[in-house]
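Read the structure below first, then the notes.
The values are calculated or read from the model by the stated rules, or taken from the named source; none is laboratory data. This is a predicted model, so every value here is computed, not measured. Note that each Cβ is placed from the backbone with ideal geometry, even for glycine, and that neighbours are counted across all protein chains shown.
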Amino acid sequence: MAFDVDLFVIGGGSGGVRAARMAASTGARVALAEESRMGGTCVIRGCVPKKLMVFASQFSEVHETSLRYGWTFGEGTFDWRSFRGHLHAELDRLEGIYRKLLDGAGVRIHDARATVEDPHTVRLSTGEAVTAAHILIATGGRPNRPEIPCAGMAMVSDDVFLMEELPKTILIVGGGYIACEMAGILNGLGVQVTQIYRGAQILRGFDEEARGLVAESMREKGIDLHTGTDVKMMGPPETDFDMPAGEPLVMQDEVRRRGPVKVKTTLGGEKVYDAVLFATGRDPNSAGLGLEALGLELGRGGHIPVDEYSQTKVPSIYAIGDVTGRPALTPVAIRDAMAFARTVFEGQPTPVDHAMIPSAIFTQPEYGAVGLTEEQARHQEPIEVYATSFRPMRTAFAGRPDRVLMKLIVSQATRRVLGCHIVAPEAGEMIQLAGVALKMGATKEDFDRTVAVHPTMAEEIVTLRTPVRRG
Ligand code: NDP
């Protein structure tokens, strides 16, 4: 049977765009549909605008630090609207580049929502149907909201980049990547930030010692961080939480209202904030695609189950990136895309490799991690832990209390470094390079025989002599 195209990609984010371009470069006829803006979460409402906001937020410390270095810059003020204008101009530019790349590769772009009608047919919101030998679903994820009345009054991460004004006070709910990064950003921009997290320590799943230092540093910088607490009720400022249920103003989620929000926490405290941000996780964007009708059962939370070649139970349909429930990271989606294109269009079956993924959380200070945490490694085998914590030269000179942590977890049996954890300014840059060493299977002795680069923070990672713990 002749199809209109060889590949139809649904979703123009990091994964979808890369898969479309790679497939097209093999001579395949490719089409791609995107219902929103080209570039997806990473470019439009995630990594890129977030990182630019991190940069913006870091200037607030320049004044204080510069004084010790003999400079005087004055207090400085931050103009959100001016920054937001530049930010969105940059996002427009990047979106344009994504479109150009697809055009240049010969990919036909449909600015429309697409659903899957049968294993080889995609139906567009324009009414057009396109048949395809293969369909690739790369629809990513979306922020979720807890199911409590008036949750619609809160922002999710998508909304932060579009705010008209910076709030004076904000309550951030959650203890994961987004909550902690946003807390640092908004605090740096001068917003009074309260963050609440339901668990005992933020950044669940990461190394305990590193999480501890990140939390301590966040508090040190002025974030009012409370663990073991969650939102119990929320509503407009005039809400009386003590009224019997149903009596007070209970807004439907569809009725979104921005403006001050009154929140009652599980610890009983009540306070009105200018804004509330839910950073309580992201869900796969799989609803309404028509997959269930094809017999494709979605996994828990709505992710699309795939095998190691990103193929679903319907042989002509593949899925990559956040919608699969794999680690929700742009570079993972891009790797998935490349492995998919190689497998399907270059005849080289390539399984995706998700071992030893380095990642960084852009808290302030940053936290970069690769491999196992101390807790995971200890559970697996006998280990040695090498770690140092110190005040880095740049800020110590300025009298600031900032601390850095460098930590290696080493297998006693093989001497291989099983995990590396760095909490420091620019830890994201450092962990990328440590990631190469760990992926190659470096031993502690390989780190030891590497000459230090002096004077740097990173040199401490090759000068760790004595284990601080064994077991
Ligand atoms: P995470 O899964 O990282 O964190 C979600 C947080 O919300 C957790 O602290 C979780 O608590 C809490 N939570 C979940 N449900 C509720 C609820 N109903 N009420 C209260 N708290 C709740 O999600 P994020 O939204 O922060 O980020 C999504 C993903 O995006 C990340 O996992 C990451 O893969 C990716 N990302 C990566 C970045 C990077 O690489 N720098 C930056 C931003 C995002 P608990 O721990 O108890 O479950």
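If the condition is being in a loop (DSSP other than H, G, I, E, B), touching a residue at least 24 places away in the same chain (Cβ under 8 Å) and farther than 19 Å from Glu445 by Cα, then the stretch 382-426 contributes Pro392, Ala398, Gly399, Arg400, Pro401, Asp402, Arg403, Pro425, Glu426. If the condition is being surrounded by fewer than 10 Cβ atoms within 10 Å (Cβ to Cβ) and of a type in the set (Val, Ile, Thr), then the stretch 60-87 contributes Thr72, Thr77. Once the stretch 110-146 is narrowed to residues that are surrounded by fewer than 17 Cβ atoms within 10 Å (Cβ to Cβ) and among the hydrophobic types (A, V, I, L, M, F, W, C), the residue that is farthest from the ligand (Cβ to nearest atom) is Ala129.
Residues of the stretch 147-174 that are in contact with a strand residue (DSSP E or B) (Cβ under 8 Å, 6 or more places away or on another chain) and more than 16 Å from the ligand (Cβ to nearest atom): Met163, Pro167, Lys168, Thr169.
Across the stretch 1-16, the number of residues qualifying as surrounded by fewer than 21 Cβ atoms within 10 Å (Cβ to Cβ) and assigned to a loop (DSSP other than H, G, I, E, B) comes to 4. Within the stretch 350-364, residues that are within 13 Å of the ligand (Cβ to nearest atom) and in a strand (DSSP E or B) have Cβ atoms under 8 Å from residues that are among the hydroxyl-bearing types (Ser, Thr, Tyr) and at pLDDT 95 or above in these pairs: Ala360/Tyr367; Ile361/Tyr177; Ile361/Tyr367, counting only partners at least 6 apart in sequence or on another chain. Of the residues in the stretch 273-291, none is at negative phi, surrounded by fewer than 20 Cβ atoms within 10 Å (Cβ to Cβ), more than 20 Å from the chain's Cα centre (by Cα) and without any contact (Cβ under 8 Å) to a residue 12 or more places away in the chain.
Out of all the residues in the stretch 17-24, is one or more in a loop (DSSP other than H, G, I, E, B), of a type in the set (D, E, K, R) and either at positive phi or more than 23 Å from the chain's Cα centre (by Cα) (or both)? No, the stretch 17-24 has no match at all. Touching a residue at least 24 places away in the same chain (Cβ under 8 Å), more than 30 Å from Lys262 (Cα to Cα), of a type in the set (Lys, Arg) and within 16 Å of the ligand (Cβ to nearest atom): is that true of Arg326 in this structure? Here the answer is yes, as Arg326 does meet what is asked. For the stretch 306-321, filtering for residues that are assigned to a loop (DSSP other than H, G, I, E, B) and under 16 Å from Pro119 (Cα atoms) leaves 7. The residue that is farthest from the ligand (Cβ to nearest atom), counting only those in the stretch 25-41 that are in a helix (DSSP H, G or I) and surrounded by 23 or more Cβ atoms within 10 Å (Cβ to Cβ), is Gly40.
Considering only residues that are at pLDDT 95 or above and either of a type in the set (D, E, K, R) or closer than 14 Å to Gly46 by Cα (or both), which ones fall in the stretch 74-96? Give the derivation first.
In the first step, residues of the stretch 74-96 are kept if they are at pLDDT 95 or above; the result is 78-96.
The answer is Asp79, Arg81, Arg84, Leu87, His88, Glu90, Leu91, Asp92, Arg93, Leu94, Glu95.
When the residues of the stretch 25-56 are filtered to those that are closer than 14 Å to Gly140 by Cα and among the hydroxyl-bearing types (Ser, Thr, Tyr), the one that is nearest to the chain's Cα centre (by Cα) is Thr41. Would you be able to say whether some residue in the stretch 80-91 is of a type in the set (A, V, I, L, M) and part of a loop (DSSP other than H, G, I, E, B)? No, every residue in the stretch 80-91 fails to be of a type in the set (A, V, I, L, M) and part of a loop (DSSP other than H, G, I, E, B).
Every residue, every condition in (1) closer than 30 Å to Ala33 by Cβ; (2) basic (Lys, Arg); (3) in contact (Cβ under 8 Å) with a residue 60 or more places away in the chain, yes or no:
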position	(1), (2), (3)
Gly76	no, no, no
Arg84	yes, yes, yes
Leu101	yes, no, yes
Gly106	yes, no, yes
His110	yes, no, yes
Thr115	yes, no, yes
Pro119	yes, no, yes
Ser125	yes, no, yes
Glu128	yes, no, no
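The conditions of being of a type in the set (S, T, N, Q), modelled with pLDDT of 95 or more and within 13 Å of the ligand (Cβ to nearest atom) are not met by Gln192.
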